[in-house]
Structure formats: structure tokens, C-alpha cells
Amino acid sequence: MSKMPIIFVFSDKKDRLPEIIAGALALGEDVCAFVVGTDEDAQYAASLGAGVVYTFAPQQDVMLEDYAPSFSALVAGCGKKAMVLLPPSKRGRALAARMGVQLGAAVANEVTKVEIADSVTVGRMVFGGLASGSEKITSPVCVLTLSSGSFEPAAPDASRKAELKQGAFVPPAIMPKVVGQTPKQGSSVDLCKAKKVLCVGRGFAKKEDLALAENLATVIGAELGCSRPVAEGEGWMERERYIGVSGVMLKADVYFAVGVSGQIQHMVGANGSKVIIAVSKDKNAPIFNFVDYGIVGDLYKVLPGLTSLLK
Ligand SMILES: Cc1cc2nc3c(=O)[nH]c(=O)nc-3n(C[C@H](O)[C@H](O)[C@H](O)COP(=O)(O)OP(=O)(O)OC[C@H]3O[C@@H](n4cnc5c(N)ncnc54)[C@H](O)[C@@H]3O)c2cc1C
């Protein structure tokens, strides 16, 4: 067996589906997509290469992870060795955990590599990115959340046709009661796709000073990213912008770090960039072990200087 007989895919985020379907096409003989949405969403999954698409009509007040029994019923019913591929989002992980229990299947999260021989072997980072681990899966069905950047996203092709089926909703044994919903403050940024990223770290003394980075980012046409403490500790930027093992994995042409020390948990997410540039006032900062170009200096002097030079 060099390919899995069937791979089921689902993504709660539309922009992750091309990569997950690409992974499924590379690893599986048949690809079956689950969609909670409209016929248009089903056509999109088909255009990416899914051979069969099950569409589930969105249920009032039902969270996506509560579709786990519906998806598991179809996976169990296929009667073959199977794999389920999901994104490593919060909902993807919640679905993976539930489907793992329902299917008696092994679950592996944030997988970066999958090899299929007599059994499935997955690779993923462990100890917060300090090492990479390899795990052999022995259950006939496995559920994986796929780290971003593991496969080149599939390109949509409207001429591709899939067998379109209606999925039947199977309610979970214990149905949570939704008592209210508040829309999340949206972020339109997708750093995974950005070609140039200017990343700010804790070297900035206060939120207002980020304007220095914004000015330079505008001049060089870069998206702003940050280290985890800037997003999670200080709350100066949205969580979608932090880079690293527990955040975004970059595939940028240029990653420009300012006031970032370069701890491994951060660099794991930045290392995929082609050119790495850093400004830090500490000449011994670990970031300088990773850079193509390094500037030892105070960002409060270097950034305005660079901005006016590059204008
Ligand atoms: C399990 C685990 C997972 C983690 N996941 C992530 C992750 O996904 N992403 C992530 O980013 N972190 C993650 N972390 C945290 C990580 O270990 C670091 O703590 C974090 O990346 C440090 O952020 P920083 O570089 O912005 O801050 P610091 O480490 O505080 O570095 C600030 C740098 O700025 C320099 N500096 C200060 N003032 C100036 C100035 N005026 N001019 C120029 N330079 C200056 C300092 O010398 C220093 O080098 C994780 C940690 C753990 C334990």
C-alpha cells in the first residue's frame, strides 16, 4: 500500500481546503470531501479535485465540531482503511478528537509529513519545535490535522466534476445548547500567503511604537506579523499574525524581524522564508544564527533611517 484507499477531508476555513485536498490527492486513491454549506461550496471542493462531496445543510445553532458523528458515520461506513485530513484550527482539532474516539482511530495533530507504506508514519514537531518526532500509526483509520505549508495548494479547475451527495446530520449524543453568539473581530490577513513579512517582537516598548514598523512595511510592501508575546501577552496585534510553532508557518520570500530574539518556537515558523533579515540591539540574540542579513542596532534609530532610505 503506497496510497491510502480513501481519504476524507474537511476544513472549517475555506482557504485551507486547497492544501488539504492537495495532500489527500497525493496520499490517497479516492478523495471524499465533507462540506457544511451550500452547493457552491460543494462545487468548490469538486473543482479542487475531490471525487465525492457530501454536503451537509448548516443546522441552526450547531457548531461545526458537532458534525463529528455525521462525518464519522460515513468514514465508518466506507469499510476500508481510511484517513481523515483536517486543518489544525481549533475546530479542526476538536473534530479530530471526537472522530478519533468515535472511530477508534489514532489522532495526530500538526502533522508536517505523512508516509504511507504497510502502515502510516507521520512526522511532526515536538517539545515546542525543539525536535521533530516520527510516529507509526497502527489503527486502520487515522485522523490527522495537517500543518499549514505541508503541501502545495491544489488549484481550482471548474471542469473537474465530483459525485455530489447529500449528507445526513447525525446529532451528537450530548448536544450543547447555544445561548448566544458574538461575531469575532475579523482579520483578513493570511500570512501563509504573504511574500514579504515584517515581524515585530517585544523589542518594541509600547503599542504606539508599532507605527514605525507599519511605515516601513508600507514602503517595502510587506504584511505585518509578530512574535507570540506581542499578540498573546500584550494583545497589540491579532492572534492570526503571530508566527511560530503554535502560530503561522511562513513561506515568504522575505522575513524581516525587528526586536525579535529568535527563540526556536518562533523561528520554526519563520525558517521557511527564503531570505531572513533581522534588527536587534543584542548582538548575541539567537536570531542572528538564522539571518542572511543582520543589523545590530536600536530599532528606534534603524527603522526611521531605513524607511526614509527606501522611500
Ligand atoms: C510551547 C511554546 C510554544 C511557543 N510558541 C511560540 C510561537 O509560536 N511563536 C512565538 O513567537 N513564540 C512562541 N513561544 C515563545 C518563545 O519561546 C519566545 O518567548 C518568544 O518568541 C519571544 O518573543 P520576542 O522575540 O518578541 O521577545 P524577546 O525574547 O523578549 O526578544 C526581544 C528582542 O528584542 C531586542 N530588543 C529590545 N529592545 C530593542 C531595541 N530598542 N532595538 C532593537 N532590538 C531590541 C532584545 O534584545 C531581544 O533580542 C512559545 C513558547 C513555548 C514554551
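The values are calculated or read from the model by the stated rules, or taken from the named source; none is laboratory data. Computed from a predicted model, the values in this text were never measured in an experiment. FYI the Cβ positions are ideal-geometry reconstructions off the backbone, even for glycines, and counts take in every protein chain you see. These accessible areas exclude ligands, DNA and RNA; they are computed on the full protein's heavy atoms, side chains included. Shrake-Rupley method; radii C 1.70, N 1.55, O 1.52, S 1.80 Å.
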Suppose we keep just the DSSP beta bridges with both residues in the chain; what percent of those would be antiparallel, to 5?
20
Counting only protein heavy atoms and leaving out ligands, DNA and RNA, the solvent-accessible surface of V189 at a 1.4 Å probe, in Å² to the nearest 10, equals 20
On a C-alpha basis, how far is the centre of segment 268-293 from the centre of segment 137-170 in Å? Whole number, if you could?
35
So if R0 is 22 Å, what FRET efficiency would L310 and D282 give, r being the distance between their Cβ atoms, rounded to the nearest 0.05?
0.35
Taking Cα atoms only, Rg over Rh for segment 148-224 with Rh from the Kirkwood formula is 1.17
Roughly what percent of Cα-Cα pairs across the chain reach past 33 Å?
34
Using the crude model of +1 on Lys and Arg Cβ and -1 on Asp and Glu Cβ, and no other charge, please compute the dipole size for segment 141-288 relative to its Cα centre, in debye to 20.
160
Accessible surface ranking that places the most exposed of E152, E135, E163 first, with a 1.4 angstrom probe:
E152, E163, E135
Subtracting the Cα-Cα distance from 0.36 nm times the residue separation, let me have the gained length for A57 to E240 in nm, one decimal.
63.1 nm
At q = 0.09, 0.11, 0.18, 0.20 Å⁻¹, work out log10 I(q)/I(0) for segment 4-166 with the Debye formula, treating every Cα as an identical point scatterer and leaving solvent out; two decimals please.
-0.26, -0.39, -1.09, -1.36
Quick check for you: with a 1.4 Å probe and neighbouring chains kept, what is the accessible area per residue of the chain, in Å²?
49
Can you sort F71, F288 by 1.4 Å-probe accessible area, starting with the largest?
F288, F71
Segment I220-I295, length gained on full extension (0.36 nm per residue, minus Cα span)
25.3 nm
Over all Cα pairs of segment 31-89, the Kirkwood radius sets Rh, and Rg/Rh then becomes 0.95
To the nearest 10 square angstrom, how much accessible area does E240 have with a 1.4 angstrom probe?
60
Globularity ratio of segment 191-310, using Cα Rg and 2.2 N^0.38 Å
0.92
To the nearest 500 deg cm²/dmol, what mean residue ellipticity at 222 nm is calculated for the chain from DSSP H runs of n ≥ 4 alone, each contributing -39,500 (n - 2.57), summed and divided by the residues?
-7000 deg cm²/dmol
Of the residues K113, K196, K301, which exhibits the maximal mean-square fluctuation in a Gaussian network model of the chain defined by a 10 Å Cα contact cut-off?
K301
In whole Å, what are the Cα extents of segment 219-282 along the three principal axes, biggest one first?
27, 26, 25
Segment 4-166 - percent of accessible surface contributed by carbon and sulfur, probe 1.4 Å:
52
